[in-house]
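What follows is one structure encoded as structure tokens, with my remarks underneath.
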Amino acid sequence: MGQYIADNGTVITDDMVEKWAAEAEGGFSGADVTPFEGRAWETHTEALNPRV
């Protein structure tokens, strides 16, 4: 794996990636996840339309 560095300077290791993958595959056990409509980075959303 190549070396990856987060915006805050944290070096991302293989162990970190493996831990995050295991958490995601396990459904984030113990986390309180609240679904919401739209995309998190937008305050106003529009329907997505496929390109033809």
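Table for the structure above
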read-out	value
Degrees, to the nearest 10: 14-25 long Cα axis against longest axis of the chain	40 degrees
Label-point separation in nm, Ala22 to Ala6, each point 7 Å along Cα→Cβ	1.8 nm
Helix-only CD estimate at 222 nm, as mean residue ellipticity for the chain, using -39500 (n - 2.57) per DSSP H run (n ≥ 4)	-7000 deg cm²/dmol
Accessible area of the chain belonging to carbon and sulfur atoms, whole % at 1.4 Å probe	53 percent
Of the GluC sites (Glu not before Pro) in the chain, those whose Cβ has at most 13 other Cβ within 10 Å and which sit in DSSP loop	Glu37, Glu42, Glu46
Identified option (computed Rg and Dmax of the Cα atoms in Å; candidates [x] 16.5, 42; [y] 14.4, 38; [z] 18.2, 57)	[x]
The chain, dipole about Cα centre (Lys/Arg Cβ +1, Asp/Glu Cβ -1), debye to the nearest 20	200 debye
For Ile12, distant residues with modelled amide H under 5 Å away	Tyr4, Ile5, Ala6
Accessible area in the full protein assembly, largest first, 1.4 Å probe, for Arg39, Arg51	Arg51, Arg39
Surface accessible to a 1.4 Å probe, per residue, for the residues of the chain, Å²	100 Å²
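The values are calculated or read from the model by the stated rules, or taken from the named source; none is laboratory data. Nothing here was measured: the structure is a model prediction, and the numbers come from that model. Using ideal geometry, Cβ is built from the backbone for each residue, glycine included, and neighbour counts are taken over all protein chains shown. The area values use the complete protein model at the heavy-atom level, side chains included, leaving out ligands, DNA and RNA. Shrake-Rupley method; radii C 1.70, N 1.55, O 1.52, S 1.80 Å.
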